[in-house]
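Just below is one structure, and these are the notes that go with it.
The values are calculated or read from the model by the stated rules, or taken from the named source; none is laboratory data. What you see is a predicted model; the values in this text were computed from it and never measured. Reconstructed Cβ throughout: ideal geometry from the backbone, glycine too, with neighbour counts over all protein chains shown.
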Amino acid sequence: MAREHDLRHLNSEKIQEFLDKGLTPREEALVREHLSACPDCRGELEAWSLLFSELGSLPELTPSPVLSRQVLARVTVRRPLRERLVGWLGAKEGKAPLSGHLPAEGLQDYLDGALSGRQSAGAAGHVAACGVCRSELKGWERLFGSVAALGRFAPAAGFAERVMARVRVPAPVPALWVEAGRRVVGWARGFLPRTRRGWAIAGGVASAPTITMSALLFLVFSHPLLTVGNFTTYVSWKASALLGSLFSALASAVVESVALFRAYSLLETLAKSPILVGVGGLVFSLMSAIALWVLYRNVLAPPSSVESHYARSRV
Amino acid sequence: MDYAQLEDKELARLAAKGREMAFRELLSRYERPVFSLVYRMVRDRTLAEDLAQEAFIRAFNAIDSYKPRFKFSSWIFKIANNHTIDHLRKRKLDTVSIDGSPHARTSEEEAQTRLVVESHEEAPDRYVEARELGGQIEEAIGMLRPEYRTAVLLRHVEGYTYDEIAEIMELPLGTVKTYLHRARGELKGLLAEVS
């Protein structure tokens with residue numbers, strides 16, 4: 001019969017409970033009484049006792065130094081409600097790590113300058129008082145410094161030329177017109193209103209003549225004898241008369257001008273000498289050519305060709 | 001006109017108006033930063049030159065689409081990053097260590113994932129890459145996911161803020177923070193293993 005099921009002996013569970021001091025006083029007394037009379041159970045007791053002793057003498061192992069920090073940094077505890085409310089008002093998180101240390105992400109954000117003023121001040125205060133976090137922070141600082149110290153690499157020679165060979169440079173706009181246009185726009189912008197009130201005033205001032213003219217036209221044409229056709233005829237007659245008188249006055253001024261008479265006299269004198277006429281024509285042609293060349297260089301010539309030439313000469 | 005004194009936005013405006021020198025000035029300002037980012041992402045010099053070149057060509061041929069309210073540097077980095085990420089996805093490149101996969105659990109797995117160098121004579125490009133990217137920190141960066149790598153390089157090498165990185169990578173701000181935190185944690189772990 002197996003020992004475990006032999007009612008004459010103690011089973012292993014009872015012996016282990018006896019060694020663990022897990023029996024009641026009455027049960028322990030019964031076990032002691034049986035052990036004093038049963039050599040088999042005494043032998044079994046010795047074997048279990050030896051095992052218990054060997055288990056008790058196993059050495060304690062030491063985990064990695066970061067293990068406890070990693071565990072504690074990820075375990076949170078709910079602080080009392082009052083503390084959480086105070087913390088929520090002043091900080092981002094309402095929970096604090098069980099260990100009271102700053103988490104790795106918090107230290108990194110502190111180094112990155114990504115915390116708010118208050119959070120940063122809190123982190124700085126904690127680091128100043130906590131040697132563990134100070135050491136951790138230094139580790140992160142070293143890592144940040146190592147990565148930041150990485151240099152930049154240069155591509156192979158000719159990289160810029162290979163890129164520019166495939167870039168479509170847009171056709172340039174003539175510089176003179178661009179500059180003139182920019183200046184006019186800049187000058188005009190100075191007169192534009194900058195506030196809503198300014199725009200309202202400008203709009204009122206601009207619309208006042210229109211409103212006034214519309215009102216006047218209404219008053220005028222509301223007269224039964226005055227029609228649009230009659231008015232148009234009258235205006236055109238008046239305009240023709242005005243233009244005619246202006247033209248005749250101008251013509252008289254030109255014809256009767258002393259300066260013009262003197263110029264005509266001079267030309268008449270000069271025309272008597274063919275040499276003078278030739279020289280005059282030559283000078284006039286030369287001046288015309290110079291004027292056309294200046295106009296071409298400043299208006300029609302593409303600026304990039306000029307700048308490219310300058311750039312090539314610099315390189 | 002001294003193009004070196006002009007701001008990026010003014011240069012972009014002049015480039016859109018047809019000034020070739022404006023293009024060249026922008027290129028000279030950003031060819032190294034853009035090439036460096038792409039090179040560290042693909043870890044192949046020849047490929048990085050091709051990708052960076054293509055990114056600049058695309059950007060310059062679409063200069064009219066640049067909006068001055070954004071930084072020009074963010075715009076050009078965005079184009080370069082997107083182009084490189086697209087290429088990596090097409091090629092389905094993986095970060096492989098010459099010593100075997102970092103995720104190998106047994107020595108047999110590590111041996112199976114180890115790269116075998118067939119020739120003892122390195123090609124010139126590979127020699128240059130090994131010299132340029134062979135440092136501990138460079139190797140550690142090379143083992144990060146492409147998105148993590150981009151975030152770390154933009155933050156610590158190029159000095160962009162979280163918001164600017166979010167704009168370049170077209171990601172939410174929270175995602176950028178998460179990428180940076182995880183990338184730095186992985187770098188710290190990788191460098192601690194080496195030391």
Only one of A:Val185, A:Val178, A:Val205 is part of a helix (DSSP H, G or I), aliphatic (A, V, I, L, M) and within 14 Å of chain B (Cβ to nearest Cβ), namely A:Val178
Only one of B:Ala183, B:Ala192 is assigned to a helix (DSSP H, G or I) and surrounded by 21 or more Cβ atoms within 10 Å (Cβ to Cβ), namely B:Ala183
Within the stretch B:58-93, residues buried (at least 18 other Cβ atoms within 10 Å of the Cβ) and within 10 Å of another protein chain (Cβ to nearest Cβ) come out as B:Ala59, B:Phe60, B:Ile63
Out of (1) surrounded by fewer than 12 Cβ atoms within 10 Å (Cβ to Cβ); (2) modelled with pLDDT under 90, the one A:Ala175 does not meet is (1)
- Query: Going by the conditions given, is A:Arg162 within 10 Å of another protein chain (Cβ to nearest Cβ), in contact with a Ser or Thr (Cβ under 8 Å, 6 or more places away or on another chain) and surrounded by 10 or more Cβ atoms within 10 Å (Cβ to Cβ)?
  - Reply: no
Checked pairs for the stretch A:16-30, first at positive phi, second surrounded by 14 or more Cβ atoms within 10 Å (Cβ to Cβ) and of a type in the set (A, V, I, L, M, F, W, C), C-beta under 7 Å and 6 or more apart or across chains, list as none
Selection status of B:Leu47, more than 11 Å from chain A (Cβ to nearest Cβ) and crowded, with 20+ Cβ neighbours inside 10 Å:
no
Over the stretch B:3-30, the set of residues within 15 Å of B:Asn61 (Cα to Cα) and of a type outside the set (A, V, I, L, M, F, W, C) is B:Arg13, B:Lys17, B:Gly18, B:Arg19, B:Glu20, B:Arg24
Next on the checklist: Criterion first (within 12 Å of another protein chain (Cβ to nearest Cβ), within 16 Å of the chain's Cα centre (by Cα), farther than 13 Å from A:Asp112 by Cα and not charged (D, E, K, R)) does B:Ala192 satisfy it?
Outcome noted: no
key: Verdict on A:Arg182 being at pLDDT 85 or above and basic (Lys, Arg)   = no
So is B:Glu10 assigned to a helix (DSSP H, G or I), without any contact (Cβ under 8 Å) to a residue 24 or more places away in the chain and either outside the structural domain of B:Arg149 (by TED's automatic domain parsing) or not aromatic (Phe, Trp, Tyr) (or both) or not? yes
Quiz item: Just to be sure, is A:Ala157 facing chain B (nearest Cβ under 9 Å) and under 27 Å from B:Glu54 (Cα atoms)?
Solution: no
